[in-house]
Amino acid sequence: MLLASTLCTGKMKLFLLVAVSLMSAVCAEGKIDFKTSKVVRLQGQDAVNAFRKHSQVRAVYFYTRDIKNFKFFCEDYMAAAESLEAYGVSLGFCDCTEEVNKDVEPCNIIGVENSIHTYRSGKEMLLLEMSKLFHVHSIVADMLQLVLLRDIPILRNETEVSSYLSDQSGKKDIVFAYLAALGTHDHRAFLEMAYAYKDKLQFVITSDRQATKTFGEQNRSIKDVSTIWWVWASDSSFTSVRYRGKFKVEDLSKFANTITKPKLFDIPADGIDHPFSLFEVPIVKFYYKDAFKDSIYKEADILMRYYGGSVGILMINMDREEAKSKYTVPVELPTCSFQRNAEADEEFIPSDVNTPSVLNFMTDKMDDKAINILDDGFEERTSSEDPPYVLEEVTKQDDPIAEVVHATRKVEMPLDLVQPLTDKTHPKLVKDSDTAAVLFYFPFDALSIGNLRMFGEAADMFGQQTTLQIARVNCYDWTDVCQKEKITIYPTLRVYKKGEKAWDYKGPQDTQAFFSVLKLLELSPPVYETDNEKLMKYLVGKGESTLTGVTNTTVVGLFRKGDKHEKEVFQELARNSRDRIMFVYTDIKDADNIASVPTVVLSRYDDEIQPYTKFDGKFTLQNLQEFVDINKLPKLTVLTPLMFPEVRRKFSELLILFTDGSDNSRQSEDIVREIVKAQKFANVSFNMMQVPDDSSVGYRVLKEYMEEPEIPHLSFVKFQKGEVFNFATGAIDKTSLTNWLSSIFTGAIEPSTKLLEEEWKPMSKGFEYLKIIEWEKRNPEQTGFNPDKTPLDEVSEETTDDDDDDDVSPQKDVSELQRGQHHVFPGRSNHHALHAEMMHKEGDSADEGHSNDKEEMSESAELENQENSSEEKKDKSHDPSEL
């Protein structure tokens, strides 16, 4: 970064001389050296098309001429590219003055140099005006907002805020930010934190100060500076705490980590070692005897609702022998103390423990402003004595995952072949293993419990005969291991190759899927095959083989001995692949009897229409990856909940034939096959969905499309618009079906129905287990809570999956934004997508599967015009995994 800054600020030299002699510079007079930068050099229309077709957010600057402050923009663009790499975002640069780029489409647009073009999955998102990109923070913030397009609503006024808070009751806790301007350092820092915690928390932005008055501090003290509130929405109390630190990612992360721990940690009831020591926050200790417990807890609760997240609060019962042996109190009980860090002295309150004295004591220690108790409304914020959620009610009625976990909790997990690791054995196993698969998990969560059970079942399918190392790490017991590995999502299945992290599994959470991945890891694709008979089995998938029950798709490379480059590209593709696909290659003499070499053949064993596809393009990694991505799906897919995300990632328009195995259904299947073979509707995904009975997933989907389901039945779904077209009842023939599809595309017929909701999302509520623990501690007589019994067990876990919503096109989300004069982002007042975080306290529970029958569809986006008004100094980039 320093080198780039130095080179970019040099005085003007002779232009032609600079262009030749400073090729090694990062940024010299607006020219970029792509060897040392993260910016991608784009040359030619094909390169531009391939770059912007990526499923992750991409941005391209089309250079035609120098504009005002261009060399400084060049420096910021380079710095932003380096920071954004950690978030999967890539920035491209297309020099339209180069001969190869003369015919690139955007290069011929007048004034194209005044904006940055952004894309996802080939769709243009919105233009970022150069005049609004003040610095690296503007670029990073704008790009991150696009990445989080459907995750962070921007609310415009008090009405929207009130409505939103009401809607979030009982869901995720909210991190609510007031930002005076977008595209600033504060905006960037907030989004970096949001990226790391988006699966656990709900993040919200407003730029209207009046919209924050529900938090009680909008005009009196914080004026127009950026402000964050933490709102406990998960327990429906809506108690809010204002963040008092700096807008730095490290400080924001520390705040989030601290405030998600128990509000009040009771020693020794909750254990002797408290959870706040890892986060380097000040510690407030309340020492009490049983006789003063209720009054001291009240004072501690008031303090928590003012300084929550900024300090760790410990409740120490000095009537218990464990506390007496560990703590010495030099003053009369009850009392409280403050300790800034582990090396600082513990300072005790000089007066009685009551609300005014405690808050004044903390004001002095925290260097905070004076506190007016009545103005802050402490007396009015009494906590409810009702439990935040009843565990049985939630797990049995709302969340099918937790329900299965609860039902199977007494069934022993097959974990004999999944070795538990510690801080000593984890580094050794990774270092000594050629390939290792390690599941990182955290206690209390149904999803994690389910993953552990399925992971164990998959390992058990191998038996003892495997060279693959299969292991697990309990991140509650071994926090340091998981922090060192930068595990931020639980559960995480991580693959290591030769002592280094290779990749994290993002696929279906299912026993068979886990087994398939582990089996392919054991086989270590690409496999070099010299036996012609075995090679043919890989191509046609006939008979028993090592791939039975593992995958229905293979990619076979056929080469000559001298095809060194082609083989290297193929091997790299296989190493980089995250799909459940087998890769095999050969350079035997008989390979040219199968096909003209060098080539690649993709085989789909379950595709009756087109079981083979041959690659005939130029051997580049990008071309081969596109070939596999485009052709891996069968031409006629059997649609299941696990297959649906794969289909939606590629198609937004689906034809679904609902069948039940009857003769009529088989006749309809034959008609659909003929349509597919004709290849007239290339942009449509053709699918069959089984409807064996009224309880099946297929029946429930069909009921969404028509009131009186009849089978066989054809539905055509446009997911972007939520439109469903139902084929008329009666016999299905090729002509009528072709005409019907053509009429849909020409707009000649109206949709039969509209989907009732704008998005598909989990219907279950979520709750925070720590809040239930807290309530149970205060009401042990109602829950049977035993303070001396730990809820942990060795086979416990934590939550959430990394739902990648890149498979849903963002086109609708940004359509309104593109009309704006400022690079602004959508306010989703009607869309609050939520992944339920169901937690369960029984560590020996288990789950037998996890799948979402529904997935997000199109969302509404609203135009929000904001002006960035301040510049910030460049900040160190942050890897989201560090949070």
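Close Cβ contacts (under 7 Å, 6 or more residues apart or on different chains) running from residues in the range 322-348 that are closer than 16 Å to V311 by Cα to residues that are open to solvent by 100 Å² or more (accessible area, probe 1.4 Å) and assigned to a loop (DSSP other than H, G, I, E, B) comprise N341/E280.
Residues are listed down the side, and each one gets a yes or a no for (1) of a type in the set (D, E); (2) at pLDDT below 85; (3) in contact with a Gly (Cβ under 8 Å, 6 or more places away or on another chain):
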{"position": "S596", "(1), (2), (3)": "no, yes, no"}
{"position": "V600", "(1), (2), (3)": "no, no, yes"}
{"position": "G617", "(1), (2), (3)": "no, no, no"}
{"position": "L621", "(1), (2), (3)": "no, no, no"}
{"position": "F627", "(1), (2), (3)": "no, no, yes"}
{"position": "L636", "(1), (2), (3)": "no, no, no"}
{"position": "P641", "(1), (2), (3)": "no, yes, no"}
{"position": "K650", "(1), (2), (3)": "no, yes, no"}
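Scanning the range 709-745 for residues that are part of a loop (DSSP other than H, G, I, E, B) and touching a residue at least 60 places away in the same chain (Cβ under 8 Å) returns F719, Q720, K721, G722, I732, D733. Each residue in the range 658-672 was checked for being closer than 15 Å to Q610 by Cα and open to solvent by 40 Å² or more (accessible area, probe 1.4 Å), and 1 pass. Filtered by the rule that a residue be open to solvent by less than 80 Å² (accessible area, probe 1.4 Å) and under 28 Å from the mean Cα position of the chain (by Cα), the range 705-732 gives V717, K718, F719, Q720, G722, E723.
Exactly one residue among V584, V601, V597 is among the β-branched types (V, I, T) and either over 30 Å from V638 (Cβ atoms) or open to solvent by 30 Å² or more (accessible area, probe 1.4 Å) (or both), and that residue is V597.
Just one of the listed residues (D368, D423, D375) is surrounded by fewer than 21 Cβ atoms within 10 Å (Cβ to Cβ) and modelled with pLDDT of 85 or more, and it is D423.
Do the conditions hold for Q168, that is, is it touching a residue at least 60 places away in the same chain (Cβ under 8 Å) and of a type in the set (S, T, N, Q)? Spelling it out, Q168 is indeed touching a residue at least 60 places away in the same chain (Cβ under 8 Å) and of a type in the set (S, T, N, Q). I need the full set of residues from the range 316-341 which are open to solvent by 30 Å² or more (accessible area, probe 1.4 Å) and touching an Asp or Glu at 6+ places or on another chain (Cβ under 8 Å), in order please. Listed by number, the residues that qualify are D319, Q339, N341.
Could you say whether any residue in the range 658-672 is within 35 Å of the chain's Cα centre (by Cα) and in contact (Cβ under 8 Å) with a residue 12 or more places away in the chain? Within the range 658-672 (the criterion being within 35 Å of the chain's Cα centre (by Cα) and in contact (Cβ under 8 Å) with a residue 12 or more places away in the chain), the answer is yes, since at least one residue qualifies. K35 meets each of the listed conditions (1) part of a loop (DSSP other than H, G, I, E, B); (2) out of contact with any Cys (no Cβ under 8 Å at 6 or more places or on another chain); (3) of a type outside the set (A, V, I, L, M, F, W, C); (4) at pLDDT 90 or above apart from (4).
Can you go through K789, K771, K765 and tell me which one is modelled with pLDDT under 55, open to solvent by 70 Å² or more (accessible area, probe 1.4 Å), under 30 Å from the mean Cα position of the chain (by Cα) and over 30 Å from S668 (Cα atoms)?
None of the other options fit; the residue is K765.
Where helices (runs of 4 or more DSSP H) sit wholly within the range 245-346, those with at least 2 residues that are within 41 Å of the chain's Cα centre (by Cα) occupy 249-259, 293-307.
Only residues that are out of contact with any Pro (no Cβ under 7 Å at 6 or more places or on another chain) and open to solvent by less than 10 Å² (accessible area, probe 1.4 Å) were counted in the range 60-69, giving 2. Taken over the range 482-503, the criterion of being closer than 24 Å to L201 by Cβ and either basic (K, R) or in contact with a His (Cβ under 9 Å, 6 or more places away or on another chain) (or both) is satisfied by K484, E485, K486, R494.
Residues in the range 244-287 that are open to solvent by less than 20 Å² (accessible area, probe 1.4 Å) and closer than 22 Å to D186 by Cβ: 8 in all.
The residues on offer are I110, I139, I154, and the sole one that is more than 25 Å from the chain's Cα centre (by Cα) and either buried (at least 21 other Cβ atoms within 10 Å of the Cβ) or among the hydrophobic types (A, V, I, L, M, F, W, C) (or both) is I110. Answer yes or no: is there a residue in the range 167-177 that is touching a helix residue (DSSP H, G or I) at 6+ places or on another chain (Cβ under 8 Å), open to solvent by 10 Å² or more (accessible area, probe 1.4 Å) and not small (G, A, S). For the range 167-177, residues touching a helix residue (DSSP H, G or I) at 6+ places or on another chain (Cβ under 8 Å), open to solvent by 10 Å² or more (accessible area, probe 1.4 Å) and not small (G, A, S): absent.
For first residues located in the range 534-545 and modelled with pLDDT under 85, partners that are surrounded by 15 or more Cβ atoms within 10 Å (Cβ to Cβ) and charged (D, E, K, R) and lie 6+ apart or on another chain with Cβ distances below 6 Å form the pairs S545/K537. Checked against (1) within 28 Å of N49 (Cα to Cα); (2) under 32 Å from the mean Cα position of the chain (by Cα), D606 passes all but condition (1).
The values are calculated or read from the model by the stated rules, or taken from the named source; none is laboratory data. Remember, predicted model here, so these are calculated numbers, not experimental data. Note: ideal-geometry Cβ built from the backbone for every residue, glycine included; neighbour counts use all protein chains shown. Note: areas computed on protein heavy atoms with side chains; ligands, DNA, RNA excluded. Shrake-Rupley method; radii C 1.70, N 1.55, O 1.52, S 1.80 Å.
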